[in-house]
Amino acid sequence: MNKTNYWYFSRFVAGLILSFSLLGHTVANQALPKHYPQQFDFDGTVDNVNIAKQIINISGNPYEMTLTTIAYDRKGNTTSLLNLNSKTKVGVQLTPYIEGQKRVVSKIWILPANYELDTKPL
């Protein structure tokens, strides 16, 4: 095998390894029950919830909520925001973007403990 063929072969193998590692991550995240949305605006771990100030801290970042923010348990039933304990894994959807208005947390799903977070704070 000459140098050129070796170079292409090693890039091919590296590409396969990367593809399979990403495929495993995607499959793990798609293993959620059907009542979960297909994607979240972001996910993370709850640090604390302050109902009075309408703030939820997720993965070290504060996000605003409203009185209409809905939380869902693992079975898809609505639950109290007070059930979001510290270290609970959650998926979050924000209000739609409207120019000149803040996006706030509209829906929160409690995620299974084995869910692999893909945290991207806003």
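The values are calculated or read from the model by the stated rules, or taken from the named source; none is laboratory data. None of the values given here were measured: they were computed from a predicted structure. All Cβ positions, glycine included, derive from the backbone under ideal geometry; neighbour counts span all protein chains shown.
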Just one of (1) out of contact with any helix residue (DSSP H, G or I) (no Cβ under 8 Å at 6 or more places or on another chain); (2) part of a strand (DSSP E or B); (3) under 17 Å from residue 36 (Cβ atoms) trips up residue 75, so point out which.
(2)
In the stretch 82-110, what residues are assigned to a strand (DSSP E or B) and among the basic types (Lys, Arg)?
89, 107
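Out of 45, 26, report the one residue that is surrounded by 13 or more Cβ atoms within 10 Å (Cβ to Cβ) and either closer than 16 Å to residue 116 by Cα or at pLDDT below 90 (or both). Before you say what the answer is, go through the steps one by one.
Details: 26 fails: surrounded by 13 or more Cβ atoms within 10 Å (Cβ to Cβ).
None of the others qualify; the one that does is 45.
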Given the structure, is residue 72 of a type in the set (Ser, Thr, Tyr) and at pLDDT 95 or above?
yes
